[in-house]
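Enquirer: The structure follows.
The values are calculated or read from the model by the stated rules, or taken from the named source; none is laboratory data. Here the structure is a predicted model, which is why all the values come from computation and not from measurement. Note that each Cβ is placed from the backbone with ideal geometry, even for glycine, and that neighbours are counted across all protein chains shown. SASA here: full protein model, heavy atoms, side chains in, ligands and nucleic acids out. Shrake-Rupley method; radii C 1.70, N 1.55, O 1.52, S 1.80 Å.
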Amino acid sequence: MSAFHFEGLVWHWPIAIYLFLAGLSAGAVFFAIMLKHFKLYHEAWHSPFVQAAAIIAPVAVFGGLGILVFDLTRPLDFWKILVFYNTTSVMSMGVLVLMAYQVVLFAWIACIFQRRISQLLGKRLPIVQRLLNWLVLQEAAITGILVILAISLGAYTGFLLSALIGFPLLNNPVLPLLFLISGLSSGAAATLLGGVLLRGNPNGVEVRFIHGIEIPLILVEIGLLFTFFVGLILSGGQSQVAALNALGFGFWGWIFWAGVVGMGLTLPLAFNLWMKVSADRKFAYVAVTASFSLLGVFLLRNFILYTGQMTGT
Amino acid sequence: MQVSKRQFLKGVGALLTGVSVYGATRTLQADSLLQPEPESETKYAMVHDENACIGCNACVQACREVNHIPEGVTRVKIERKGPFGEYPNQSYRFSRVSCQHCEAAPCVRVCPTGAAYIDKETGIVAVNSDRCVGCQYCIAACPYQVRYIHPETRTADKCDFCQKSRLAQGLLPTCVEACPTKALTFGNLKDPESDLVKLLKAKPSYRAKVDLGTRPKLFHIQTIDGEIML
């Protein structure tokens, strides 16, 4: 059986990229909000890390949706998804979440950079100025809703797959949590990488804060992965077949053990712990750790999508 | 009124949870329990007698012609297992793979636009290709893997018991008529006098993957030939 072409395969790698980007966007927003709320307060708009998140989040979600639309067999009919809804469909509800998420995301970005935008505008466009001032007054509500929407979006990418009852590896209650947590950690990694690329201080308060959250996040992700596969194996039947098939010595087994577990979880965890005890963080440390983490989450999405569709009930 | 951020977050969180739980529980059981309008008198189903089937694929060919199905895809497949036994006393087992017209159809549940639907009049699981955008969620969700993208319309397609091609003219599905050994029986589950119900009451039948809760309406009568398989 070839790793990328086999009978029963319906969703290919573009879907994995979409799942990755949607989770990454949600994670970047989540960490930008945490940074502002707990560390930076009104200085958030200076921070290259918050700026990076404010660029990454919309670009990732637009990129993901673009890939999704082009992956339809009738891309020009995509508007029908926006017009017709089905409350029992995870995808349909996810589209609602995505739409709301994008609106609130831009409102939040406008709040954060209100001073900067106002400076740039000067005396022009008084309507925009008034809108910005009104948005800033609503910032607490916007932030709260955005946190909820970001978490919903991260979990949605998992529910989308776990609704497929014919595939025991996908139809698994741990999957949405696993995707949520790994999506958050990819968002943290993207924020760090973007921040240091925008000449943020690799030893700054933002990096220390995000790393502080990332370590427990990676530990939780390891626990979830463990529960995911042990749960499948203990379920017996086709669930067990699916789990052992995925973790075995094939192409995807290597991707899982070397890519996801080794590069995506163990190395970033080790680097993070090392950086925590060593005196200061350097650009290369932060960038390499974040890149490993990102690549690991990307491989995890592909691994789950492909191995999930290999074994039916 | 002063509402703190914490209270606000709690409120919105509770609301979202409530809405999603409500949506999730509404799906499978609730639909069959709380049907407001009187149910239709027709619920079509099919029986495939694997003892009679000789694997000639006449049904597949007839379906291809009548429903204009291009090469490379098909609405119905006859899967062959075997041979069992030693030559010359060999036998095969044949089983039909096609849309099961589930009462709780996973494809209908996941379709984001409502293009996949259950026809209330007949119980047939059908596709409204004008609404289909080709996300292929239904194809992935179907545990029987009988859906495909039609190469010409670029929309999801599958067996509809010839609803559009022959039922409308009062004819039987073409596979039923084409079968030389009368292995296929089509009829109304709600009519106790129908050949279908009589056959189901006379012979033990099975349905595929009932443990998934899909309640399929394609029945199979298991072959007596061949060896016992574990």
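Enquirer: Are there cysteines in chain B with no other Cys C-beta under 4.7 Å, and if so, which?
Expert: B:C53, B:C56, B:C63, B:C102, B:C111, B:C132, B:C135, B:C142, B:C162, B:C179, each lacking another Cys Cβ under 4.7 Å.
Enquirer: Also, quick follow-up: HN-Hα J couplings of the stretch B:97-104 from phi, Karplus 6.51/-1.76/1.60, θ = phi - 60°, integer Hz, Gly and Pro as x?
Expert: Going residue by residue, I get 10, 7, 4, 8, 6, 4, 5, 10 Hz, with x marking Gly and Pro.
Enquirer: Continuing with this model, one more query. Only counting protein heavy atoms at a 1.4 Å probe, give the residues of the stretch A:150-166, ordered by number, whose accessible area falls by 40 Å² or more when the other protein chains are present relative to the chain alone.
Expert: SASA drop of 40 Å² or more in the stretch A:150-166: A:L164, A:I165.
Enquirer: Residues of the stretch A:68-93 losing 30 Å² or more of accessible surface, assembly versus chain alone, probe 1.4 Å, please list them.
Expert: A:L72, A:T73, A:R74, A:K80, A:I81, A:F84, A:N86, A:T87, A:T88, A:S89, A:M91
Enquirer: Hey, another quick one. With a 1.4 Å probe and every protein chain left in place, tell me how much accessible area A:L68 has, in Å² to the nearest 10.
Expert: That residue has around 50 Å² of solvent-accessible surface.
Enquirer: Suppose accessible area is computed on protein heavy atoms with a 1.4 Å probe; arrange A:M91, B:M229 from highest to lowest. Present the calculation step by step, with values, prior to reporting the outcome.
Expert: Values: A:M91 20, B:M229 95 Å².
Order by accessible area, largest first: B:M229, A:M91.
Enquirer: With a 1.4 Å probe on protein heavy atoms only, work out how much accessible surface A and B bury together, total over both chains, in Å² to the nearest 100.
Expert: Roughly 3000 Å² of accessible surface disappears when A and B pair.
Enquirer: Taking a 1.4 Å probe, which of A:M310, A:M275 shows the most accessible area, and what order do the others take after it?
Expert: On the way: A:M310 40, A:M275 0 Å².
Ranked from most to least accessible, the order is A:M310, A:M275.
Enquirer: Can you give me the % of accessible surface on the stretch A:175-313 that is carbon or sulfur? Probe 1.4 Å, all protein chains present, nothing else counted.
Expert: The C+S portion of the solvent-accessible surface of the stretch A:175-313 is 75 percent.
Enquirer: Keeping all protein chains in place and using 1.4 angstrom, which order do A:I33, A:I67 fall into by accessible surface area, from largest down?
Expert: Accessible-area ranking of A:I33, A:I67, largest first: A:I67, A:I33.
Enquirer: What figure, in Å² to the nearest 10, do you get for the accessible area of A:F20 with a 1.4 Å probe and non-protein molecules left out?
Expert: Accessible area of A:F20: about 20 Å².
Enquirer: List the lysines whose Cα sits under 20 Å from the Cα of A:K36, skipping any in the same chain fewer than 8 residues away.
Expert: Straight-distance partners of A:K36: B:K5.
Enquirer: Students often get this wrong, so check it: of A:K80/B:K10; A:K80/B:K77; B:K158/B:K209, which have C-alpha atoms separated by over 22 Å?
Expert: Numbers: A:K80/B:K10 34 Å; A:K80/B:K77 32 Å; B:K158/B:K209 19 Å.
As for pairs spanning more than 22 Å Cα to Cα, those are A:K80/B:K10; A:K80/B:K77.
Enquirer: Please calculate how many Å² of accessible area the stretch B:100-180 carries per residue, with a 1.4 Å probe and no DNA, RNA or ligand atoms counted.
Expert: Working: 2840 Å² over 81 residues.
Here the residues of the stretch B:100-180 average 35 Å² of exposed surface.
Enquirer: Among the listed pairs B:K164/B:K217; B:K120/B:K198; A:K39/A:K123, give every one whose C-alpha distance is greater than 27 Å. Mind dumping the intermediate values first?
Expert: Details: B:K164/B:K217 19 Å; B:K120/B:K198 24 Å; A:K39/A:K123 32 Å.
Beyond 27 Å: A:K39/A:K123.
Enquirer: Rounded to a whole number, what % of the accessible area of chain B do carbon and sulfur atoms account for, probe 1.4 Å? Write down the numbers at each step before the final one.
Expert: Values: 6780 of 12630 Å².
Taking all protein chains in place, chain B shows 54 percent carbon and sulfur surface.
Enquirer: Can you give me the solvent accessible area of A:L153 with a 1.4 Å probe, rounded to the nearest 10 Å²?
Expert: A:L153 has an accessible surface of roughly 0 Å² with all protein chains in place.
Enquirer: Same structure, new question: Find the relative contact order for chain A and round it to a whole percent, using C-alpha pairs within less than 8 Å whose residues are 6+ positions apart.
Expert: Value for chain A: 28 percent.
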